[in-house]
1. Expressed as a rounded percentage, what relative contact order does region 90-331 have, with Cα pairs under 8 Å and six or more residues apart?
2. Which lysines, if any, have their Cα less than 20 Å from the Cα of residue 350, not counting same-chain residues under 8 positions apart?
3. Would you mind counting up the charge near residue 463? Only other residues with Cβ under 13 Å from its Cβ, with Lys and Arg at +1 and Asp and Glu at -1.
4. Over the chain, what number does the Rg to Rh ratio reach, with both radii from the alpha-carbon atoms and Rh per Kirkwood?
5. If you stretched the chain out fully between residue 274 and residue 351, how much longer would it get, using 0.36 nm times the residue separation minus the C-alpha to C-alpha distance?
6. Mind checking Rg over Rh on region 77-205, alpha carbons, Kirkwood formula for Rh?
7. Rg(Cα) of region 90-331 divided by 2.2 N^0.38 Å?
8. Could you work out how much longer the chain between residue 303 and residue 21 gets when fully extended? Use 0.36 nm per residue separation minus the Cα distance between them, nm to one decimal.
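The values are calculated or read from the model by the stated rules, or taken from the named source; none is laboratory data. Keep in mind the model is a prediction, meaning the values are calculated, not measured. Don't worry about glycine lacking a Cβ; one is built from the backbone with ideal geometry, like all the others, and counts go over all protein chains shown. SASA here: full protein model, heavy atoms, side chains in, ligands and nucleic acids out. Shrake-Rupley method; radii C 1.70, N 1.55, O 1.52, S 1.80 Å.
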Amino acid sequence: MTGNSLNHASLLAPEWLAVPADLNALQDPLWAAGVARNDAGELAIDGIPVSELQRQFGTPLFVMSENDFRTRARAFSDAFNDAFADICGGVDVYYAGKSFLCTAVVRWVEEEGLRLDTASGGELAVAHRAGIPGADVALHGNNKSDGEIHRALDMKLGRIVVDSLAELERVARIAATRGETAKVMLRLTPGVHAHTHEFIATAHEDQKFGLSMAGDSTDVAGLSAAEEAVAAAAGFESIELLGLHCHIGSQIFEPDGFALAAEKLLRFLAAMQEKYSIVMPELDLGGGYGIAYTPVDTPRPPAEIAQAMAAVVRSTCAELGITAPRISIEPGRAIVGSTTFTLYEVGTLKTVRVDVPGPDESAENVTHPRRYVSVDGGMSDNARPVLYDADYSAILASRTSEAAPQLSRVVGKHCESGDIVVRDVYLPEDVAAGDLLAVPGTGAYCWALSSNYNYLARPGVVAVRDGSARLIVRGETEQDLLNRDMGV
Ligand SMILES: *Cc1c(COP(=O)(O)O)cnc(C)c1O
């Protein structure tokens, strides 16, 4: 196929990957607002060229648009508040801090009227340092320590999301010894698992999170773990039971799974309110809203998801004859994921020959080239391809090119053959050492999951706002890498 200018498609490319009509163009849903090529053809954010960012901050570098973060945060808040206004007066949106957390981000979250979801004492420490009121913070986790529970009570958290019966008892006891009341939600497993385009519904859960809603999941005859926890919570004086919580998965595009989970939880909530003569005023439907990593991903606008969920909450509450609880949601990826790209410098290039079956059965194997483009980071700054087989996309950022598309694999510099940044992408044939590549969609679960494998320093995060760039997390230095080595 080489030399055929009409078709540069490689037999090694996955079916979903099309040869872009224009290799220099930024494909739309993947990039933050404010990212565009400048007149010289270089990628720029709010007018700041990537070469300038590299000069100031080095590579690899996470480059984040603060305006885009704020816009996406507001978009979720506005869409859900509109859709639920007449059902429960609006929605509380908790940004899931585990996707990307630092004090600057906590302040943006607060300034945009959102709240904050945390999952550990360390994340609470960041929230505390940023100065967000504890009332606007939630704490998750399937294995909270006593220290974390104390910290949550010290900070007077708005909610502790309890994950097991044993933890409920522990929270009740710790709050009682302090002479306080803990605000608690119970995390349930509704048996709805969603993944991207489908969801599956099962009675029993086989995972570590939450309290099972299946009827025979405890020693107490006929009671589910979820019901046993509701009954226990209602009986503890040191527990204020706010309501129920679920989180059905991540990177989900279709709203049906969220809607089914909402319906299941509402039915359970109504039954428990009646049986135990209690009121649970809140229902949290978790996060998991998907984003575009490649051009074939098709995330829905927040309004579409909000309306689908609102329709189910409205009709289910009407059918059950209950007052709708106050709804909350916990988007992480969908707020921060697309705000950020990672900037890398290209180093070694290598083309290997790969045998693939010929076009028809009788034909012999044909050999196809695959080009490996090494960059100065890798699995230490983006573990998602290794962890989840996640796909990404990349473009040549430091310049445009009129060269032909070549199927490429962007890889890191770690001693690991699985160290892949972008498994399959068409890049210009003339990409060379010293060029800059940008990988979009790296705002969520990349910096957060970063490591020091091979003693690589973790990259910094730059926030760009209204044409100026500032470090919100500095990159590590060699001294940082050596700091904890006791040398004894
Ligand atoms: C991870 C997580 C979220 C956020 O998930 P996203 O896919 O980033 O939206 C929300 N709630 C809980 C309980 C989580 O564990």
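1. 18 percent
2. Output for residue 350: 413.
3. Computed value for this residue: +1.
4. My calculation puts Rg/Rh at 1.01.
5. Working: separation 77, 0.36 × 77 = 27.72 nm, distance 6.74 nm.
That works out to 21.0 nm of additional length.
6. Rounded to two decimals, Rg/Rh equals 1.00.
7. 0.98
8. 98.4 nm
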